[in-house]
Amino acid sequence: MSRHTPLGSERTLTVRGMRFRVIESRADDATETIVLIHGIGMSHRYFARLHHVLARSVRVVSLDLPGFGGLPKPGHDITIEEMADAIGELVVAVSSGPVVLVGHSMGVQWAVETAVRHPARIARVVAIGPVVDDAHRSLGAQARALAVDTLGETPATNVIVFSDYVRCGPRWYLRQAAHMLRYPTEDRVGSLTVPLLVLRGAKDPIAGAAWCDRLVSSARDADIVAIPGRHHVVQRSAPDAVADSILEPTPGSRSG
């Protein structure tokens, strides 16, 4: 059963025994579907502004993954590969054709792995603020980079981030963080057979410029866009610029 919310139609779906929240909006003449995947500890809430902007032109589906956004925690630890397979099944349930997967932070890892494992279901991948940067490949380094980032985000954004962390809880966060730190994003993007757009705030201390350039160089078909003056949660601080880059990717540093 679905219900209407200010963001769109909301329902929950169970895939492989795990509960997902699905929030959907669409333009009247939409033909393309874009799926938004949040990062570790987060929910669809910090995608709301981007969701609204994209929905003027396309069909948008924001997800809350199992254990996040107040959803029940799975009964066992979930690897990135398991989550990707579940997302791949969910894509089939919400769209009749291939979708654009947009991931933020750890959401990039889930999006990339889904596209590697289920390429026929994915048209392209957008990686916003991808992790884990070589310079921050430990829990302590990630925490320090996050602390620096809070200084550049608005108070309202920080409230959303930290309240979602509280809803997630430390146990589930740390379980997923262990997978996040081990996942070889730079290797897995090399296995992508669909186009990749890497997008970052130019002042993002978590997804650094050199690291993002490496990802682009590792992929077969990739571009990069930096949004001036923005930080890690660039999809909330500059939703129009991010939406423009997703809908009409501007050629940047391409490698392949």
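On the stretch given as the range 99-125, residues that are in a strand (DSSP E or B), within 8 Å of the chain's Cα centre (by Cα) and β-branched (Val, Ile, Thr) total 1.
Screening residue 60 against (1) within 17 Å of residue 180 (Cα to Cα); (2) crowded, with 20+ Cβ neighbours inside 10 Å leaves a single unmet condition, (1).
Residue pairs whose Cβ atoms lie under 6 Å apart, separated by 6 or more positions or on different chains, with the first residue in the range 217-233 and small (Gly, Ala, Ser) and the second open to solvent by 40 Å² or more (accessible area, probe 1.4 Å), are 226/202. Of the conditions (1) closer than 21 Å to residue 41 by Cβ; (2) not in a loop (DSSP other than H, G, I, E, B); (3) not small (Gly, Ala, Ser), residue 131 satisfies every one except a single condition; which number is it? Exception for residue 131: condition (2). Every condition in (1) open to solvent by less than 50 Å² (accessible area, probe 1.4 Å); (2) closer than 30 Å to residue 76 by Cβ holds for residue 149 except the one numbered (2). Across the range 110-143, the number of residues qualifying as in contact with a His (Cβ under 8 Å, 6 or more places away or on another chain) and crowded, with 24+ Cβ neighbours inside 10 Å comes to 2. Of all the listed residues (22, 60, 92), the sole one being touching a His at 6+ places or on another chain (Cβ under 7 Å) and either modelled with pLDDT under 95 or among the β-branched types (Val, Ile, Thr) (or both) is 60. Can you name the residue in the range 186-200 that is among the β-branched types (Val, Ile, Thr) and surrounded by 23 or more Cβ atoms within 10 Å (Cβ to Cβ) and, of all such residues, is farthest from the chain's Cα centre (by Cα)? Per the criteria, the residue is 189. Applying the criterion of being basic (Lys, Arg), touching a residue at least 60 places away in the same chain (Cβ under 8 Å) and outside any loop (DSSP other than H, G, I, E, B) to the residues of the range 1-50, the residue that is farthest from residue 178 (Cα to Cα) is 49.
Among what's in the range 63-88 and is of a type in the set (Asp, Glu), under 17 Å from the mean Cα position of the chain (by Cα) and open to solvent by 10 Å² or more (accessible area, probe 1.4 Å), pick the residue that is nearest to residue 26 (Cα to Cα). Per the stated criteria, the residue is 85. For the range 30-51, a residue qualifies if it is out of contact with any Gly (no Cβ under 9 Å at 6 or more places or on another chain), surrounded by fewer than 23 Cβ atoms within 10 Å (Cβ to Cβ) and at pLDDT 95 or above, and the qualifying residues are 48, 49.
The values are calculated or read from the model by the stated rules, or taken from the named source; none is laboratory data. Just so it is clear, the structure is predicted and the values come from calculations on it, not from any experiment. Don't worry about glycine lacking a Cβ; one is built from the backbone with ideal geometry, like all the others, and counts go over all protein chains shown. The accessibility values were calculated without ligands, DNA or RNA, using every heavy atom of the protein model including side chains. Shrake-Rupley method; radii C 1.70, N 1.55, O 1.52, S 1.80 Å.
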